[in-house]
Each structure stands twice: as structure tokens, then as C-alpha cells.
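S.K.: Structure provided below as C-alpha cells; questions to follow.
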Amino acid sequence: MTAFAYDVALAQDPAEHRRPGAGPATGEAWALLEASGALAMRVDLQGHVLNATTATAELLVYPREYLLRTSVLDIIALESRERVTLMLAGCAQDHMARRERVRVAGGIGGPGWLDLHVSYYCDTDDDSPSLLLFGQDITQWVESERDLTERAFLDPLTGVGNRAYIGKRIEEYTSGNCAGQPFAVALMDLDGFKNINDSLGHEYGDALLKEVGARLQDTVRTRQSVARLGGDEFVLMLDGLESEADAVRILERVIHVCRQPFLLGGCQVRITTSIGLALSSGAAQSESQWLRRADLAMYEAKALGKNRYCIYSPELDRRLDEQFQIEQSMFEAVQNGEFLLHYQPIVWPGTGEICAVEALMRWEHAGRDIRPDVFIPVAEKNGLIKHLGAWALRCACAQLAAWDAQGIHVGHMSVNVSAMQFLHPGFYDSVRNAIQETGIGADRLLLEITESALMTDPKAAEELLLSLRALGIRFAVDDFGTGYSSLSYLRRFPLSALKVDRSFVSDMVDSPHARTIVSAVLSLARELGLVAIAEGVETDAQGKLLAAQGCNLVQGWRYARALAPVDFENAVTDGKLVIGEGEVFTPTVP
Ligand code: C2E
Ligand code: CA
Ligand code: CA
């Protein structure tokens, strides 16, 4: 084409084109060019139009007379003007042809796109060199290309960005010059979205996701973008942050807007959201690293009770690693018999005499003790808890029988049951087998269950408790006061005891607030005919206060720590621990 444009220029009468605004072109090549309908111009080195084909005027929808009086820059859109200026100047200087995609300013036809070629032309007979411009209208092509690109990065359901868009934005950040400037990726998951999908149907679930997408877009600023990772997970990419506090403010707004009710099919629906935030740490990170960190923090937010945000820290990675190690060793530990039970006395507050013990699991691994707070959640996740729990039940019942045989009659055995274990279909059988195999009376077994385990599926829980109660088993609500807020379940389930959570006991001497809670829990237990057991009693003052408020039983380091069976037996033989006489589950308390 460049050669053709040269021909065209050569064919023109140079005298005609020396001045801006020269008359219509002549010559065979120019006529050919006119006939081809091509967009072609000849301009001087400053860009003043010397000649233009009729098609140029038609395509740009400018009168030809106007074109011949103007500079080519006047018909170029602002966004491309600098590029064209450089193109012309560059070509004028080094005589090398150039080609760019440029945007033209709107004539009557509106703005469009040209594939613009520029080449240098100097007729030997003519001392004033000029530039030849040849353009192809690529407006439609650019628009459909842009449309396709946009669609390739859009989530069709919500209209926010999609997974590919997340990759693109993070890539732009990490590969661009912005690395080192504050940038953050927030991953959010809607709490309880599955319930909405299950109970209202997918149509409403989709409508909710759309609305969430729209609310998020309203919440973030221009340099920040929203995308959907899939399902009910959204990702915010926060650019242009000044500080961590800036990101936190955005997350707080997001949590707030998501908490506002949604109108779905005439019903008001409320949800919350859990968010994990990964902030740029200076080091370049890949997309998967960003998302993994945000994901880890999001799971932490869920674990801390949902409806909140959590910021990634290396500590989270360390814990994950620890969990992984624990999980790896756990399977072998079961086979190697590394798990043990220790027993903590539960005593009468007045005399300190033992009326029951609580079995607490211990894991001695490679010379160190791993705490149940650490390994129980891991066992819950990998499913080992049902084996560990069944083992603990059998082991505790066998210990009770063994102590009976030794003349150490501890009254009741309390065993912790985790939510996962409780909800497992084999639970009923594991309890019944433990009693039958060890021959202890079912009325001597007390199972400690948390409120959340009971409330996950209250109907199933009720049936299970009733069937076990029919065997004679009793139940205590563990960590009472820390979980579910509804009290109506206390009447619904066949319960025998409430364990007042350690956190209230530890604060009660100094905090009137905690004292009020403890006294409210104790009178609640009294009214409902439940035995109240306070846990974590560490001081004499706490013990006295609890006794004065009418707490039935106490447990804690003030009386005894959890002991290995042999240590427990020695303490009893030495008279350091005294077994009491009274029966816990009768109204008469000694
Ligand atoms: P929990 O059921 O609330 O058990 C009471 C925890 O408080 C025990 O921690 C006990 O050692 C500790 N404790 C007792 N008295 C005091 C005191 O005066 N002060 C303080 N600060 N702490 C005291 P441990 O043994 O580390 O157990 C932690 C949790 O692990 C238990 O909390 C229970 O939820 C779970 N767990 C322990 N054994 C088992 C088990 O066999 N099965 C299941 N599912 N969970 C268990
Ligand atoms: Ca317990
Ligand atoms: Ca407890």
C-alpha cells in the first residue's frame, strides 16, 4: 500500500499541493485512488492537509473543503492525538513509514477507528517534502473486538468481573510499575447462601447474587474492582489504597451493605458475609498466592464466627502447616496408642469431695503434649473424631468400671462429645456399645455437648437425646453461655446439667457483669431443675462466690487438675483427693 500511496503522490501535480487547501487532485494514480474509495491524504510535515480523496471526506463525514483547510490533528480524537503527533514527527525525521491504530474525532458520523499508515514523500523536483497518510476504517472490527474482550472478562450472571478478570487485574498489578504500592485482594463468601439456595430455590439464589454484585459495585471506588470467583464467592481488588485502614474501611462498608435485607420473591432475606483480606506485602505474588492468602484469612473469619473480616498474616500459614503436620501424625497416633484420657474431678463446693470426673483427652506425640484445643478441630475436619470419640467413650466407661473394682467409686463419668461425633449416624451405637461392653450403669454416664452441636439440627438432636435418655444416659450443655442465644431449647431437650463456661467464672470476682451472668445462669438452672456445674474454678474466692450463689458443683485447678489414672489413684490413696458420698442427680444436695 505504501508503494501505491507513493505512486499516487507522484502522480499529483506538485505545484497544486504545495499550499494548504489546494484544489482537487489530478493525475491517473490519484484518480485511481479516488475510484478505489480509499481514505488517503497528503499532509505537510506539520500535518496541514494538502489533499484528500473524496472518500476521506465521506468516511470522516467532514466537508472536503473543511478537510483541506485543517490540520490532520484536528480530525484525530484527543486520546490518539499525541500518538499521531509522534508518528508524523518521527516519520518526518527518519523518513521511516509508521502504522498505528488511532481514533478519529467525530465528524457527523461520530468517532471511529482507523488503521493509519504514514510514509514520507519527497519529490525530487519539489523542495518541500510531505507525508502520505493512508487509512482503513476498522471501527466495526475494534468495537466487536472490544465487546468480545469485555465479555471474556464478565460474569454473565452478575455483570461483575469473572475469574479471568481477577487474573488480569492481579497480573496488571504485579507486572506493572505499581508493584510496591498498596494493593489488596479481598475474598468474600456469603454466610448461609446454601440455605437460601436450598430453601428458596436457585432462581432466588441467582437474584441474590446479582444484587450482591450490584451492591458491591456501588460500594467500591473507581480504581477498585469487583469480580465473582464462582458460587457465592466474590473478590474485591483494591487499588489506590493509602493504608491498611483504608482497606478495612471498605470491608466494613461491604459487611454493612451485605447485611441490609434483600427482597426476594416478596420475602425479606438477610445474609452476612465473611471476608479474608490479603494486603500487598511488597514481594511480588502470583494470582494464586493472592487468592490463597485471602482464602486462608476468609476461613479464619468463618472460624471466628462469620459476619466479619480477617487479615492474612504469616501466622495463619504457620497454623495451617501445623494442622497439616498434626493431621499426618494423627492416623499413626491412633494405631500407636498415643492418645490417653486424663480425669479431672468434679466436686461439691462445700467439702471439695469428688462426685464425678470429666474425661479429657491427651495426645503425647514425639515427646510433647498436643492440646485438645489443637487436635480436636483437626480430627473433626478429617473425620477421625468419630473413632477417637468412640474410643474415648469406651475407655472412660472401662476406667469407671476398673475404679469401681478397686473400690474407688467416683459416681459419674463425664465425657465430651464433639458436634461432628454427635451428628454422626453411628453415635447412638457407639454409646450403647461402650456401656454394654464395660458393664457400667448407663445412669452413671454424663455426655457433655455444646449448644452449637445441639442446634445444628435441633430435631435430629432431640430424637437422638431422647433415645439415649431412654437407655438412662444423661446430658450436660458444655460451655454454657458462649454459644446459641435462644434459651427455648433448654426446655425442648432432655438435659440434666449446665456447665457454666470458664470465661464467666474467671471474670466473676472482678466483674459485676460476669457475676450477674453467673447468677442468672444458676437461677435458670434451678428453675429448670438442672444441675449447675461451674468449670475453670482457679481460686478460693471464685469457689466461695459460686457456693454462696448456690452452684451445685465445681471443677477447676483450685480442686484438682486433670490427672492420669495412676496419679488420680495415688492421690485418692494418699488422701489428697477424697471421694464424696452424695448423689448428684437427686434434688437433695449434701
Ligand atoms: P472443656 O470440655 O471445656 O474442658 C475443660 C477444659 O478446661 C480442659 O481443657 C481442662 O483441662 C481445662 N481446665 C480445667 N480446669 C481449669 C482451670 O481451673 N483453669 C483453666 N484455665 N483451665 C481449666 P483441655 O483438657 O485442654 O480440653 C480443652 C477442650 O478440648 C475441652 O474443653 C473439650 O472441649 C475438648 N476435649 C477434651 N477432651 C475431649 C474429648 O475426649 N472429646 C471431645 N470431643 N472433646 C474433648
Ligand atoms: Ca467439657
Ligand atoms: Ca467446657
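The values are calculated or read from the model by the stated rules, or taken from the named source; none is laboratory data. Every value quoted in this text rests on a predicted model; they were computed, and no experiment measured them. Heads up, the Cβs are rebuilt from the backbone with ideal geometry, glycines too, and the neighbour counts pull from every protein chain shown.
S.K.: So if I check each of Ser418, Ser430, which one is in the same structural domain as Met330 (by TED's automatic domain parsing) and within 16 Å of ligand 2 (Cβ to nearest atom)?
M.R.: Residue meeting the stated conditions: Ser418.
Per-residue answers, yes or no, for (1) of a type in the set (A, V, I, L, M); (2) modelled with pLDDT under 95:
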site: Leu208; (1), (2): yes, no
site: Glu252; (1), (2): no, no
site: Gly265; (1), (2): no, yes
site: Thr273; (1), (2): no, no
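S.K.: Only one of Ile435, Ile473, Ile440 is under 22 Å from Gly582 (Cβ atoms), away from ligand 2 (no atom under 16 Å from the Cβ) and at pLDDT 95 or above; which?
M.R.: Ile440
S.K.: Being over 35 Å from the mean Cα position of the chain (by Cα), more than 15 Å from ligand 3 (Cβ to nearest atom) and closer than 17 Å to Gly550 by Cβ narrows it down to one residue among Arg469, Arg515; which is it?
M.R.: Arg515
S.K.: Kindly indicate whether Arg368 is within 17 Å of Gln323 (Cα to Cα), surrounded by fewer than 21 Cβ atoms within 10 Å (Cβ to Cβ) and of a type outside the set (S, T, N, Q).
M.R.: yes
S.K.: For Ala560, work out the one condition from (1) touching a Pro at 6+ places or on another chain (Cβ under 8 Å); (2) outside any loop (DSSP other than H, G, I, E, B); (3) within 18 Å of Tyr343 (Cβ to Cβ); (4) of a type outside the set (Ser, Thr, Tyr) it doesn't fulfil.
M.R.: (2)
S.K.: Another question about this same structure. Do you know which residues across the range 414-436 are surrounded by 13 or more Cβ atoms within 10 Å (Cβ to Cβ) and charged (D, E, K, R)?
M.R.: Arg432, the sole residue that qualifies.
S.K.: Taking the residues in the range 485-518 that are of a type in the set (Ser, Thr, Tyr) and surrounded by 17 or more Cβ atoms within 10 Å (Cβ to Cβ) as candidates, determine which candidate is farthest from Ile346 (Cα to Cα).
M.R.: So, considering only residues that are of a type in the set (Ser, Thr, Tyr) and surrounded by 17 or more Cβ atoms within 10 Å (Cβ to Cβ), the one farthest from Ile346 (Cα to Cα) is Ser506.
S.K.: Follow-up. If only one of Asp443, Asp510, Asp479, Asp457 is within 16 Å of ligand 3 (Cβ to nearest atom) and either over 25 Å from Ala560 (Cα atoms) or of a type outside the set (Phe, Trp, Tyr) (or both), which one is it?
M.R.: Testing whether each residue is within 16 Å of ligand 3 (Cβ to nearest atom) and either over 25 Å from Ala560 (Cα atoms) or of a type outside the set (Phe, Trp, Tyr) (or both) leaves just Asp479.
S.K.: Would you say Ser128 is outside the structural domain of Gly265 (by TED's automatic domain parsing) and either in contact with a Gly (Cβ under 7 Å, 6 or more places away or on another chain) or outside any strand (DSSP E or B) (or both)?
M.R.: So Ser128 fits the description; yes.
S.K.: State all residues of the range 429-457 that are more than 16 Å from Asp478 (Cα to Cα) and under 30 Å from the mean Cα position of the chain (by Cα); if no residue qualifies, say none.
M.R.: The one that is more than 16 Å from Asp478 (Cα to Cα) and under 30 Å from the mean Cα position of the chain (by Cα): Asp457.
S.K.: Could you tell me whether Arg362 is within 15 Å of ligand 3 (Cβ to nearest atom) and of a type outside the set (A, V, I, L, M)?
M.R.: In short, no.
S.K.: Of all the residues that make up the range 481-494, how many are at pLDDT 90 or above and either part of a strand (DSSP E or B) or out of contact with any helix residue (DSSP H, G or I) (no Cβ under 8 Å at 6 or more places or on another chain) (or both)?
M.R.: 0
S.K.: Could you pull out the residue among Arg561, Arg491, Arg502, Arg526 that is of a type in the set (Lys, Arg) and within 14 Å of ligand 3 (Cβ to nearest atom)?
M.R.: The match here is Arg502.
S.K.: On to the next question. Hey, can you tell me all the residues within the range 242-271 that are touching a residue at least 40 places away in the same chain (Cβ under 8 Å) and more than 20 Å from the chain's Cα centre (by Cα)?
M.R.: Of everything in the range 242-271, those that are touching a residue at least 40 places away in the same chain (Cβ under 8 Å) and more than 20 Å from the chain's Cα centre (by Cα) turn out to be Glu242, Ser243, Phe262, Leu264, Gly265, Cys267, Val269.
S.K.: Determine which single condition Ser452 fails, assuming it passes every other condition in (1) buried (at least 18 other Cβ atoms within 10 Å of the Cβ); (2) of a type in the set (Gly, Ala, Ser); (3) in a helix (DSSP H, G or I); (4) within 16 Å of ligand 3 (Cβ to nearest atom).
M.R.: Ser452 satisfies every listed condition except (1).
Here is a yes/no grid of residues against (1) hydrophobic (A, V, I, L, M, F, W, C); (2) farther than 22 Å from Gly556 by Cα; (3) under 33 Å from the mean Cα position of the chain (by Cα):
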{"position": "Trp348", "(1), (2), (3)": "yes, no, no"}
{"position": "Leu384", "(1), (2), (3)": "yes, yes, yes"}
{"position": "Gly407", "(1), (2), (3)": "no, yes, no"}
{"position": "Gly411", "(1), (2), (3)": "no, no, no"}
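S.K.: State whether the residues of the range 541-555 include one that is within 16 Å of ligand 2 (Cβ to nearest atom), crowded, with 17+ Cβ neighbours inside 10 Å, assigned to a strand (DSSP E or B) and on the phi < 0 side of the Ramachandran plot.
M.R.: Within the range 541-555, one or more residues are within 16 Å of ligand 2 (Cβ to nearest atom), crowded, with 17+ Cβ neighbours inside 10 Å, assigned to a strand (DSSP E or B) and on the phi < 0 side of the Ramachandran plot.
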